[in-house]
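Engineer: Before I ask anything, let me first share the structure, which is written out below as structure tokens.
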Amino acid sequence: MKIPGIVIAASASGSGKTAVTMAMMKAFKNAGKKVRACKCGPDYIDPMFHREVLGIDSENLDLYFCDRERLKERFMHHAEGAELVVTEGVMGYYDGISLDSDQASTYDVARTLGLPVILVVPARGMASTILAVLKGMIEYRNDSNIRGIILNRISPMLYPKMKKMIEEGLLDMESVLKIAWEAKEMEYHPVKAKQEAAGRKVRIGVARDLAFCFYYKDNMELLKELGCEIIPFSPLEDTRLPEHLDGLLFGGGYPELCAKHLAENRAMRKDVRKQIENGIPCIAECGGFLYLAEELEGEDGKHYPMVGVLPGKGIKKGRLTRFGYIELTAEMNGVYMKKGEKIRAHEFHYWDSTENGEDTLAVKPDGVRKWQAVHMKGNLFAGFPHLYFYSNPKVAKRFVEACRTYRSK
């Protein structure tokens with residue numbers, strides 16, 4: 001099967017990939033094309049931008065979270081019916097999970113899916129040197145599949161000359177759609193049959209507003225396959241949880257920017273605490289984890305009361321803390337994970353907690369850096385890591401079964 005698609009890559013972060021990706025998607029959408037968006041890597045923010053442009057969810061393509069066959073399956077499922085799939089890269093084109101590896105890089109995703117690549121090149125401050133940069137990027141791997149160049153940060157006066165120089169020195173500039181149709185035929189074998197929902201539907205309350213907005217699309221889809229109905233609610237604006245819920249999910253986001261507002265919504269905080277103490281199954285990640293703690297330092301430096309079902313205080317660090325991919329190993333038997341089981345996850349936060357939990361061991365891909373993380377407290381699983389359910393579907397299944405059991409009490 002062939003899907004027209006392109007990957008927007010660059011030599012480094014900060015080159016303008018996101019701006020170019022969104023502009024391209026918007027232009028093709030305005031031209032009447034059915035466009036789908038994807039994002040390489042574990043990023044939760046860029047897919048939110050994609051959704052703002054297209055009005056539909058973006059798909060994360062991540063070769064640390066899943067293997068190549070699963071990646072192909074998720075891509076084909078997401079791309080069904082599309083006339084163009086635009087995939088935004090991550091970091092530099094060849095940058096992978098460690099300094100000396102291209103595993104899980106944009107290049108790794110592009111070659112796995114057989115997608116042609118358009119390279120965004122910031123041209124400010126360069127003339128003919130740009131040819132050396134492009135030659136290196138294109139020829140660093142024989143299968144780089146870089147098929148086009150977009151010059152970014154260049155003056156209108158210089159662009160015609162630079163364009164001519166690149167065309168004469170390296171390659172023919174083809175139209176984006178023509179490049180997209182150079183995507184290779186893709187064959188894949190579904191990793192598993194669709195997850196079977198055993199029993200009745202369960203209602204999962206999912207916090208969704210400015211404070212809680214980081215969720216993996218794949219996680220939501222897996223929960224739906226397992227028989228869940230997703231019920232959004234706002235800890236900022238609603239005064240109580242929706243009725244007849246069987247479980248709760250609190251994702252990441254920006255609770256530190258909304259700390260005062262969250263604290264002032266005492267009725268919601270009281271209801272959340274009551275439901276969790278009554279035993280409702282709950283998973284809370286990153287910002288959601290901070291919300292369930294005793295106290296949170298806001299962006300303004302003031303400290304505000306939170307839900308208080310977990311010990312500890314959220315504190316501002318002013319820098320990324322424990323950033324990147326991790327694999328969690330349970331160090332005790334919990335409701336959703338059993339001792340010794342593993343699940344892959346990602347951390348991205350500028351705040352820390354005085355009580356991060358110690359019920360799992362988090363290990364970086366290099367196998368060297370590790371730390372304790374996560375509270376597994378009966379029905380509650382909470383910590384900074386953003387879980388990727390497909391890396392261990394048993395976790396999602398146990399969560400859903402716990403929700404089903406909770407309602408039947």
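The values are calculated or read from the model by the stated rules, or taken from the named source; none is laboratory data. From a predicted model like this one, the values you see are computed outputs, not experimental measurements. Reconstructed Cβ throughout: ideal geometry from the backbone, glycine too, with neighbour counts over all protein chains shown. Please note that ligands, DNA and RNA were not included when accessible areas were found on the heavy atoms of the full protein model with its side chains. Shrake-Rupley method; radii C 1.70, N 1.55, O 1.52, S 1.80 Å.
Engineer: For segment 102-126, give me each residue that is out of contact with any helix residue (DSSP H, G or I) (no Cβ under 8 Å at 6 or more places or on another chain) and open to solvent by 30 Å² or more (accessible area, probe 1.4 Å).
Structural biologist: Scanning segment 102-126 gives Gln103, Arg111, Pro122, Arg124, Gly125.
Engineer: Restricting attention to segment 328-349, and to residues there that are under 18 Å from Asn379 (Cα atoms) and without any contact (Cβ under 8 Å) to a residue 12 or more places away in the chain, which single residue is most open to solvent (accessible area, probe 1.4 Å)?
Structural biologist: Applying the filter and picking the extreme gives Lys339.
Engineer: Tell me, which residue of segment 356-381 that is among the polar types (S, T, N, Q) and within 21 Å of Ala396 (Cα to Cα) is most open to solvent (accessible area, probe 1.4 Å)?
Structural biologist: Kept after step one, since they are among the polar types (S, T, N, Q), are these residues of segment 356-381: 356, 360, 372, 379.
Subset that is within 21 Å of Ala396 (Cα to Cα): 360, 379.
Details: Thr360: 0, Asn379: 37 Å².
That would be Asn379.
Engineer: Return yes or no: is Phe49 of a type in the set (Phe, Trp, Tyr) and surrounded by fewer than 23 Cβ atoms within 10 Å (Cβ to Cβ)?
Structural biologist: Yes.
Engineer: Tell me which helices (runs of 4 or more DSSP H) are completely within segment 237-316 and hold 2 or more residues being under 28 Å from Lys397 (Cα atoms) and open to solvent by 40 Å² or more (accessible area, probe 1.4 Å), or say none if there are none.
Structural biologist: Numbers: elements: 259-264, 266-277, 287-292.
Here the list reads 266-277.
Engineer: Going by the conditions given, is Cys282 touching a residue at least 60 places away in the same chain (Cβ under 8 Å) and not hydroxyl-bearing (Ser, Thr, Tyr)?
Structural biologist: Yes: the conditions hold for Cys282.
Engineer: What do you reckon, is Gly16 modelled with pLDDT under 95, on the phi > 0 side of the Ramachandran plot, open to solvent by 30 Å² or more (accessible area, probe 1.4 Å) and of a type outside the set (Phe, Trp, Tyr)? Talk me through it step by step, then tell me what you get.
Structural biologist: Values: modelled with pLDDT under 95: yes; on the phi > 0 side of the Ramachandran plot: yes; open to solvent by 30 Å² or more (accessible area, probe 1.4 Å): no; of a type outside the set (Phe, Trp, Tyr): yes.
The answer is no for Gly16.
Engineer: Please count how many residues of segment 52-71 are without any contact (Cβ under 8 Å) to a residue 60 or more places away in the chain, assigned to a helix (DSSP H, G or I) and either open to solvent by less than 10 Å² (accessible area, probe 1.4 Å) or among the charged types (D, E, K, R) (or both).
Structural biologist: The initial filter retains those residues of segment 52-71 that are without any contact (Cβ under 8 Å) to a residue 60 or more places away in the chain, namely 52-56, 61, 63, 68, 71.
Add one more test, that the residue is assigned to a helix (DSSP H, G or I), and what stays is 52-54, 68, 71.
Filter once more, keeping what is either open to solvent by less than 10 Å² (accessible area, probe 1.4 Å) or among the charged types (D, E, K, R) (or both): 52, 68, 71.
Here the count works out to 3.
Engineer: Looking at Arg111, Arg36, can you tell me which residue is modelled with pLDDT of 95 or more, assigned to a helix (DSSP H, G or I) and not hydroxyl-bearing (Ser, Thr, Tyr)?
Structural biologist: After applying the criteria, what remains is Arg111.
Engineer: Determine, yes or no, whether Leu361 is part of a strand (DSSP E or B), of a type outside the set (Asp, Glu) and free of Cβ contacts under 8 Å to residues at least 40 places away in the same chain.
Structural biologist: Answer is yes for this residue.
Engineer: Condition test on Gly81, is it modelled with pLDDT under 95 and surrounded by fewer than 24 Cβ atoms within 10 Å (Cβ to Cβ)? Lay out the reasoning, then the answer.
Structural biologist: Values: modelled with pLDDT under 95: yes; surrounded by fewer than 24 Cβ atoms within 10 Å (Cβ to Cβ): yes.
Here the answer is yes, as Gly81 does meet what is asked.
Engineer: Taking segment 313-368 as the region of interest, how many residues are among the charged types (D, E, K, R) and within 22 Å of the chain's Cα centre (by Cα)?
Structural biologist: Result for segment 313-368: 9.
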